[in-house]
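The values are calculated or read from the model by the stated rules, or taken from the named source; none is laboratory data. Not measured: the values here are computed from a predicted model. Glycine also receives a Cβ, built like all others from the backbone with ideal geometry; neighbour counts cover every protein chain displayed. Just the protein is used for accessible areas: all its heavy atoms, side chains included, with ligands, DNA and RNA removed. Shrake-Rupley method; radii C 1.70, N 1.55, O 1.52, S 1.80 Å.
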Amino acid sequence: MTDPVPAIELKNICKAYGALRVIDDVSLTIERGVFITLLGPSGCGKSTLLRSIVGLAEPDSGTILVDGKDITNAAAHNRPVKMVFQDYALFPHMTVAQNIGFGCEMQGMEKSAIARRSTELLELIRLPDIANRYPDALSGGQRQRVALARALAPDPAALLLDEPLGALDLKLRQDMQRELKAIQRRTGKTFVFVTHDQQEAMSMSDLVAVMNKGKIEQLDSPENIYANPATLFIADFVGATNLFEATVEAKDGDHLTLSVGDAHWRVPAARVTSHRKPDVGEAVSVVIRPEAFDIGASRRKGDIQLSGRLTDQTYLGDRVHLNVETADEKSLLVDARPPISIGEGAEIRLHCRADNLAIIAGR
Amino acid sequence: MSGFNNKKGKGGRLAGDGSSLSNFLTEGRGFLLIMLLPALLVLGFVIGLPMLKALILSFDTINFRRPAAAGTFGWHNYEKLVFDAQVWNAVWRSALYMGGTVIGSIVLALSAALLTRRIVRFRALARLTFLIPWTVPAVVTALVWGVMYEGNFGVINRLLDPLPFLDRTDWLIDRDTALPALILAQVWNEFPVAYIFFLAGLHSIPDELYEAARIDRASAFNQFRYITLPQLSSVTAVIVVLLMIMGFKSFPIIFILTGGGPAGATETMTVLTYNTAFRKLDFSYAATLGILAVLISLAMVLVYLRVMKRAERGAGGAV
Ligand SMILES: Nc1ncnc2c1ncn2[C@@H]1O[C@H](COP(=O)(O)OP(=O)(O)OP(=O)(O)O)[C@@H](O)[C@H]1O
Ligand SMILES: [Mg+2]
């Protein structure tokens, strides 16, 4: 990032509806040209945050800067950001070209310039032939692309997208994810994308901000969010997870010894991914992803060893999902590569590298 | 329809005893007929009989001033109608009355709907206020407006008194003001119908459209022009035709306030029909006028049905 002025800067945004704190002291800096996703469960305040940026909701306190300018109190139409809505919000009685040109027209742009801009954007969304169609003659994916073009037409500083793919079916959704990402790359615009679908967030974003109960719990690359979850909520919300309750027994140098049930695991202290580092005697949670497990006993020193009974397996072609029940009746998810030559109900041994897990303070 | 019923009938004859009358009456189309018969009879009696009676009457010569002519059947009433200037003047006045009430009601109803759309406090009260005129019977409306229009003591003249350029008028007696005055009373009485339609229409417009427009710098006027108006177009079409029919058929307000006067200045089709029957006692000619009115109304109903169909299709396309 050579440009020192971020596209969007949020400082201590708070918003409450009655007693409900929908946005709880959120601060966030978004650099230019970044594809950032606000990810979180339904009702965590993603839409409200987005609508605050675009001016459709009024935060109770805090500051919003776009391109370095304070727009906290500016009216929606005076903000250099545009929004794409989940239900497209295309004007049904206007053609595609008129929809796309609407923002430019309202800004008083010349007719010929508007027409040029519409054509340009129709090229961008790769639908050059639909200029004179009405929205109800378009498919869901086409409508969403037109909505995108309409929002991009007045050349906004940033584009805010509130679950824009929520109404599409899975296949179309995946195509549109790729398309959206490609358009973002081509235009170099800052995209702030909202979704509650963690897979969507992972596959599209440069950065993911995971929200929970009005707070941003972690802002990081998708890889880091997955591998190094800062909170238990994130570990649980993003991807499939095996959680182990443990206690820190000892600390020596750069290693921790954890007691997990009857077992003792020696793990690198660097694998503590929560902000707070646990002390000796403190309760922690150990996060092991299903694909971190390998089947069989390990001869490598320091590996974590587990055993259990295979209760269920689901063959998925390139992978097999296993359900393993340990002696203390804990059910583990294991993601293994086929072929698996173990029958259901049989004993199975598992191991996992001691650095292929994450430790989070607290339970 | 009939194919469906036939199939059902066949499916019912599992025993394979062939068709018999009792089978026909309990399972086939005959069963349907029997079930529908009472309703058909009532409908036929209530709707068909009076229409038939009116039609026959219009070819007869029932005129209490010329009782001897009764029983003379023919096209004479229709021949008279074609060249009767009074009739076509009445049709024209009905059209004026219709146009005036439609425009007035729509302007008033749309304004009221826009006004009460977004209010939060006293919402029910505000809406009720605009619905009250509808609950007032036309007869009472006529009486109240009659009192208000009265030349010497009427509240309207009193309100207008301070204005220098307006002379006192007797609104219902002046040839130029009588029809507009009636239209105003009618509008007051019937605009709530349009108001309800508009309110429902406004509520069916997604908020997101306005939000998107706001973000795109559309002013309040442009939001109205580019979203509200076009989104209301199909409901407006329905309202227009509905109000046209209501306006064309309206009678009590005109009849009570002016009875068609002064000098026929407010004589609409309905009033003319009434006067022909009950003042001139020419029932056959009145029936002929009635038939003409029915034909005109019918044309409007046909338009209404088409508009409804279009509106239904239009509503499906709202995205
Ligand atoms: N206008 C409002 N009045 C009262 N409460 C509101 C209002 N708008 C939102 N809320 C509440 O604020 C909370 C956050 O809403 P928001 O729409 O921001 O959630 P979200 O993260 O976008 O959820 P989703 O994924 O379901 O869209 C919810 O509990 C919601 O009920
Ligand atoms: Mg939302």
Report task. For A:LYS301, list the lysines whose Cα falls under 22 Å from its own Cα; do not include residues on the same chain fewer than 8 positions away. Result -> A:LYS251
Report summary line: With +1 at each Lys and Arg Cβ and -1 at each Asp and Glu Cβ, the charge dipole magnitude of region B:67-318 around its Cα centre, to the nearest 20 debye, comes out at 680 debye
Query - Principal axis dimensions, largest first and in whole angstrom, of region B:128-186 by Cα - result: 36, 23, 17
Requested in this report: For region B:50-111 and region B:260-283, compute the distance between their C-alpha centroids and round to whole Å.
Outcome: 9 Å
Query raised in the report: What is the interface area between chains A and B, defined as buried accessible area summed over both chains with a 1.4 Å probe, reported in Å² to the nearest 100?
Result: 2100 Å²
Requested in this report: Whenever you get a sec, compute what percent of the accessible area on chain A sits on carbon and sulfur atoms (1.4 Å probe).
Outcome: 47 percent
Query raised in the report: At a 1.4 Å probe, which residues in region B:208-223 are at least 50 Å² less accessible with all protein chains present than in their chain isolated?
Result: B:GLU208, B:LEU209, B:GLU211, B:ARG214, B:ILE215, B:ASP216, B:ARG217
**Report entry** Convex hull projection area averaged over all views, chain A, Cα basis, nm²
**Finding:** 22.5 nm²
Report task. In whole Hz, with x marking every Gly and Pro, tabulate ³J(HN,Hα) for region A:169-184 from phi via Karplus 6.51 cos²θ - 1.76 cosθ + 1.60, θ = phi - 60°. Result -> 7, 4, 5, 4, 4, 5, 4, 5, 4, 5, 4, 4, 4, 5, 5, 4
Query - region B:36-93 - Rg and Dmax from Cα coordinates, angstrom - result: 15.9, 46
Query - Carbon/sulfur fraction of accessible area - chain B, other protein chains in place, 1.4 Å, % - result: 71 percent
Query raised in the report: Projected onto the charge dipole of region B:67-318 (+1 at Lys/Arg Cβ, -1 at Asp/Glu Cβ, origin at the Cα centre), which of B:LEU128, B:SER297, B:LEU160 gives the Cα projection farthest towards the positive end?
Result: B:LEU128
Query raised in the report: What list of ³J(HN,Hα) couplings, whole Hz, do you get for region B:272-281 from phi and the Karplus terms 6.51, -1.76, 1.60, once you set θ to phi - 60° and write x for glycine and proline?
Result: 4, 4, 4, 4, 4, 6, 9, 9, 7, 6
Query raised in the report: Put A:ARG353, A:ARG143 in order of accessible area, largest first, 1.4 Å probe: what do you get?
Result: A:ARG353, A:ARG143
Query raised in the report: Per-residue HN-Hα couplings for region B:178-187, Karplus 6.51 cos²θ - 1.76 cosθ + 1.60 at θ = phi - 60°, whole Hz, x for Gly and Pro?
Result: 4, 5, x, 5, 5, 4, 4, 4, 5, 4
Query - Kirkwood-based Rg to Rh ratio, region B:67-318, C-alpha trace - result: 1.06
**Report entry** Shielding by partners - mean other protein chain Cβ count within 10 Å, residues of A:82-91
**Finding:** 5
Report summary line: Given backbone amide H placed at 1.01 Å from N, residues whose amide H is under 5 Å from that of A:LEU256, ignoring those fewer than 5 places away on the same chain, are A:VAL267, A:ALA269
Report summary line: Cα-based Rg then Dmax for the protein assembly as shown, in Å, read 38.3, 128
Report summary line: Per GNM of chain B with C-alpha springs under 10 angstrom, the most fluctuating residue out of B:PRO262, B:PRO164, B:PRO133 is B:PRO164
Query raised in the report: For region B:67-318, what is the accessible area per residue in Å², given a 1.4 Å probe and the full set of protein chains?
Result: 51 Å²
Query raised in the report: Amide H to amide H under 5 Å from B:ALA70: which residues, 5+ apart in sequence or cross-chain, H placed 1.01 Å off N in plane?
Result: B:ASN63
Requested in this report: Scan chain A and hand back the longest stretch that contains none of the GluC sites (Glu not before Pro) lying in DSSP loops with at most 15 other Cβ atoms within 10 Å.
Outcome: A:111-281
**Report entry** GNM flexibility winner over chain A from A:GLN107, A:GLN174, A:GLN98 (Cα, springs under 10 Å)
**Finding:** A:GLN107
Query raised in the report: Semi-axes of region A:285-359's equivalent ellipsoid from the Cα gyration tensor, sqrt of 5 times each eigenvalue, largest first, rounded to whole Å?
Result: 19, 14, 12
**Report entry** Interchain or long-range residues, amide H under 5 Å from A:PHE35's placed H
**Finding:** A:PHE191, A:ASP206, A:LEU207
Report summary line: chain A, Gaussian network, Cα under 10 Å: of A:GLY140, A:GLY317, A:GLY239, the residue fluctuating most is A:GLY317
